[in-house]
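**Q** Okay, here's the structure, questions in a sec.
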Amino acid sequence: MNTFSHMDTTGNVKMVDVGNKLPTERIAIVEAFVDVSAHTLQLLQNAALPKGDVLVTAKIAGIMAAKRTADIIPMCHPLSLSYVDIRFEILENPPSLRIEAEARTHGPTGVEMEALIAAQTTAATIYDMCKAVQKDIVIRHVRLLYKSGGKSGTFQAGESL
């Protein structure tokens, strides 16, 4: 690829014109991990953290973030999302939470950015809800797991690093 899609021939930034692209069903799934201490994980599992229900709050934040992605990423198209979900897996060793954010639309451009922003906002909300008991929480390994739809077709990530 010799050109950048978000740059014109003179080097100025531009939004890609998707007006002539055929709408297709688009799906993107992103994962992220939030590493916490065993103590913090235990408090979370026992609903004993001082700020309230961490996972419900984080899920709502992630869904809201997906819907506002075009307000955050300058060249991102506003999308009519048909579905957004945030799923959690609690991991004991090492103590962490695995986040999976999924976004769907039927349109001319993909939803990878919406899923990425959803996962990262969910992770940041978990940090915010847990920081009263732990400051050294680590958010790591945010990546696209799956995408489908559009000209480039289906992408499935390989094994985790």
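Where a number appears in this text, it was derived from the coordinates with a stated rule and is not lab data. Just so it is clear, the structure is predicted and the values come from calculations on it, not from any experiment. Cβ coordinates were reconstructed from backbone atoms using ideal geometry, including for glycine residues, and neighbour counts include every protein chain displayed.
**Q** So which residues in the stretch 41-61 are over 23 Å from the mean Cα position of the chain (by Cα) and part of a helix (DSSP H, G or I), if there are any at all?
**A** Answer for the stretch 41-61, where residues must be over 23 Å from the mean Cα position of the chain (by Cα) and part of a helix (DSSP H, G or I): Gln42, Leu43.
**Q** Could you check the stretch 69-83 and list, in sequence order, the residues that are within 15 Å of Pro108 (Cβ to Cβ) and touching a Lys or Arg at 6+ places or on another chain (Cβ under 7 Å)?
**A** The initial filter retains those residues of the stretch 69-83 that are within 15 Å of Pro108 (Cβ to Cβ), namely 70, 75-82.
Leu81, Ser82, listed by residue number.
**Q** While we're looking at this one, here's another question. Which residue out of Leu145, Leu97 is in contact with a strand residue (DSSP E or B) (Cβ under 7 Å, 6 or more places away or on another chain), under 30 Å from Lys21 (Cα atoms) and in contact (Cβ under 8 Å) with a residue 40 or more places away in the chain?
**A** Values: Leu97 fails: under 30 Å from Lys21 (Cα atoms).
After ruling out the rest, the residue left standing is Leu145.
**Q** Is it true that Ile90 is in contact with a Phe, Trp or Tyr (Cβ under 7 Å, 6 or more places away or on another chain) and touching a residue at least 12 places away in the same chain (Cβ under 8 Å)?
**A** Values: in contact with a Phe, Trp or Tyr (Cβ under 7 Å, 6 or more places away or on another chain): no; touching a residue at least 12 places away in the same chain (Cβ under 8 Å): yes.
Against the criterion (in contact with a Phe, Trp or Tyr (Cβ under 7 Å, 6 or more places away or on another chain) and touching a residue at least 12 places away in the same chain (Cβ under 8 Å)), Ile90 does not qualify.
**Q** Within the stretch 45-76, how many residues are in contact with a strand residue (DSSP E or B) (Cβ under 8 Å, 6 or more places away or on another chain) and crowded, with 16+ Cβ neighbours inside 10 Å?
**A** Restricting attention to the stretch 45-76, the residues satisfying the condition of being in contact with a strand residue (DSSP E or B) (Cβ under 8 Å, 6 or more places away or on another chain) are 45, 55, 58-59, 62-63, 66-67, 74-75.
If we keep only those that are crowded, with 16+ Cβ neighbours inside 10 Å as well, we get 55, 58-59, 62-63, 66-67.
Qualifying residue count, the stretch 45-76: 7.
**Q** Hey, can you tell me all the residues within the stretch 121-138 that are crowded, with 19+ Cβ neighbours inside 10 Å and under 28 Å from Met75 (Cα atoms)?
**A** Thr121, Thr122, Ala123, Thr125, Ile126
**Q** Checking Ala70 against (1) closer than 18 Å to Ser148 by Cα; (2) of a type outside the set (Lys, Arg); (3) in contact with a Pro (Cβ under 8 Å, 6 or more places away or on another chain), only one condition comes out false. Which one?
**A** Looking at each condition in turn, Ala70 falls short on (1).
**Q** For the stretch 48-67, does any single residue satisfy the condition of being free of Cβ contacts under 8 Å to residues at least 60 places away in the same chain, hydrophobic (A, V, I, L, M, F, W, C) and touching a Leu at 6+ places or on another chain (Cβ under 7 Å)?
**A** yes
**Q** Okay, next question. Give just the number: which of (1) part of a helix (DSSP H, G or I); (2) within 13 Å of the chain's Cα centre (by Cα); (3) β-branched (Val, Ile, Thr) does Ile29 not satisfy?
**A** Looking at each condition in turn, Ile29 falls short on (1).
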